[in-house]
Amino acid sequence: MKKTIITLLTLLLLGWIAMRAFVPGIIESSANVVEQHAPYKISETAQALHQDLFVVDLHSDSLLWDRDLSQESQRGQVDLPRLQRGNVGLQVFSATTKSPRGQNYASNSSDASDNITALAMVQGWPLSTWSSLFSRAEYQAQKLRDLVAENSNDMVLVRTRSDLQTLLKKREDNPSVVGAMYLIEGAHPLEGDIQNLDRLHAQGLHFVGLTHFFDNRLGGSLHGVSQQGLTDFGRAVVRRANELEMTVDIAHASPQMVRDVLALSTRPVVLSHGGFKGYCESDRNLEDTLMQQFAAQGGIIGVGYWDGAICDNSPAAIVGAIRYGIDLMGINHVALGSDYDGGVKTKFDTSELMVLTQVMLDEGFSESEIMAVMGENVKRFLMQQLPK
């Protein structure tokens with residue numbers, strides 16, 4: 001009997017080791033896909049211009065996955081070496097803490113089974129993260145802080161205006177230095193406690209996404225059931241975010257929630273990753289008139305790279321959406337929001353961002369327009385909105 005128990009325990013242990021070694025990679029390889037393609041042809045003009053840019057990406061979910069982001073990987077779309085090759089000056093890293101089984105853009109129940117719970121278990125996250133959304137947000141914040149600390153010569157964690165100035169100064173001497181900022185994709189990890197916003201702020205949080213694919217205690221998701229606006233708790237979160245000089249992210253928010261945020265917030269907000277309904281008729285996108293209201297209050301949208309946001313994932317389609325956004329909202333309100341490593345299929349990873357510079361030149365964009373969209377708009381926004 002004793003030998004049988006030992007044998008069973010050994011088999012369980014070996015099974016667990018095998019699962020930890022192989023399953024996370026298999027899951028991510030099927031989720032974050034870079035389609036096979038021939039090398040993009042980049043002109044000398046585009047190369048020279050791209051190297052002079054300050055590139056900002058407002059949304060990547062890379063913290064969710066079980067790999068060392070300081071090392072180049074054969075899977076996924078973002079890591080430090082690839083950010084450096086793509087001349088990315090600032091990457092906003094998002095923490096995803098809950099994702100409903102069978103998620104779609106039309107309608108998701110708040111009670112649907114959660115994909116992230118199983119992923120946390122398979123990837124060997126701390127036990128507290130298996131049941132607590134707040135712990136999942138804390139854990140991913142710690143992953144980001146550790147990444148920056150372990151690569152202090154190549155990364156800067158940006159929380160204040162002074163941090164951003166430090167990043168820009170370091171990049172003058174070493175253009176491969178990358179800034180990092182932290183975002184929560186939906187404020188459900190606050191677990192209904194406003195003090196948890198302060199706790200995450202103390203750990204580096206700046207961008208506060210309100211909803212994800214389902215309604216939560218703050219209000220209605222664009223892909224939820226209720227389509228309601230801000231709840232009393234949602235209003236409290238927006239007010240407290242304003243007090244802490246944080247930036248609210250309306251990506252995935254219902255139209256009524258967006259209207260409520262615009263009426264309530266004393267600070268401009270962002271839509272970290274998405275598109276325009278007039279360009280791509282998708283349930284992922286908001287109506288153009290609402291996007292114009294958002295821009296009129298100083299907002300910035302990060303244009304996504306995947307088909308759900310722009311109805312195609314080609315570089316030409318991304319640039320087409322960018323041009324549409326400029327014509328709709330003005331040059332100052334359009335930026336990049338890849339949604340890399342967020343379960344999307346793209347035609348290039350972050351190391352190949354120069355292709356967007358090339359296509360914009362091909363489409364007649366001026367150098368000042370390219371500079372604005374690729375990062376100067378966000379840099380200006382942050383210089384105005386980050387705490388001193």
Kindly give the semi-axes, whole Å and largest first, of the ellipsoid equivalent to region 129-241, taking each as the square root of 5 times a Cα gyration tensor eigenvalue. 31, 15, 12
Each label point is 7 Å from the Cα along the Cα-to-Cβ direction; what then is the distance between the points at Gln227 and Thr289, in nm? 1.4
Once you put a point 7 Å from the Cα of Gln71 and another 7 Å from the Cα of Gln195, both along the Cβ direction, what distance in nm separates them? 4.0
Give the peptides 236-249, 39-52 in descending order of average Cβ contacts within 10 Å, highest first. 236-249, 39-52
Tell me which of Pro387, Ser128, Leu83 sits at the most positive position along the dipole axis of the chain, charges placed on C-beta atoms (Lys, Arg +1; Asp, Glu -1). Ser128
Taking θ = phi - 60°, what integer Hz values does the Karplus form 6.51 cos²θ - 1.76 cosθ + 1.60 yield along region 343-360, in sequence order, with x for Gly and Pro? x, 10, 9, 10, 9, 6, 9, 5, 5, 9, 4, 4, 5, 5, 4, 4, 5, 5
Once Lys and Arg get +1 and Asp and Glu get -1 on their Cβ, which of Pro175, Gln293, Ala118 lies farthest toward the positive end of the dipole of the chain? Ala118
For Pro387, what is the net charge nearby, where nearby means another residue's Cβ is under 12 Å from its Cβ and Lys, Arg count +1, Asp, Glu -1? +1
For Cys311, Cys280, what ranking results if the residue with the fewest other Cβ atoms within 10 Å of its Cβ goes first? Cys311, Cys280
Prolate/oblate/rounded label for region 44-385 (Cα gyration tensor, a/c 1.5): rounded
Can you compute the helix-only [θ] at 222 nm over the chain? Use -39500 (n - 2.57) per DSSP H run of at least 4 residues, normalise by all residues, nearest 500 deg cm²/dmol. -13000 deg cm²/dmol
Placing unit charges on C-beta atoms (Lys and Arg positive, Asp and Glu negative, everything else neutral), compute the dipole magnitude of the chain about its Cα centre in debye, rounded to 20. 1000
Additional length obtainable on full extension of the chain from Asn153 to Asp111, 0.36 nm per residue less Cα span: 10.7 nm
Taking H as built 1.01 Å from N, whose amide H comes closer than 5 Å to the amide H of Val248, not counting residues under 5 places away? Val208, Val270
Positive-end residue, the chain charge dipole about Cα centroid, Cβ charges, pick of Tyr279, Val269, Asn108: Asn108
Considering amide H positions built from the backbone, and no H for Pro or chain starts, which residues 5 or more places from Val55, or on another chain, come under 5 Å of its amide H? Gly89, Leu90
For a test of understanding, tell me how many lysine pairs in the chain have Cα atoms under 29 Å apart, given they are 8 or more places apart or on different chains. 23
Comparing Ala38, Ala106, Ala251 in a Gaussian network model of the chain (Cα, 10 Å), the one with the largest mean-square fluctuation is Ala38
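Starting with the fewest neighbours, write out Ile27, Ile301, Ile194 ranked by other beta-carbon atoms found within 10 Å of each beta-carbon.
Ile194, Ile27, Ile301
Readers should treat all values here as calculations from the given coordinates under stated rules, not as data from a laboratory. Worth saying up front: this structure is predicted, and the values here are computed from it rather than measured. Neighbour counts are summed over all protein chains in view; Cβ atoms, including those assigned to glycine, are modelled from backbone coordinates with ideal geometry.
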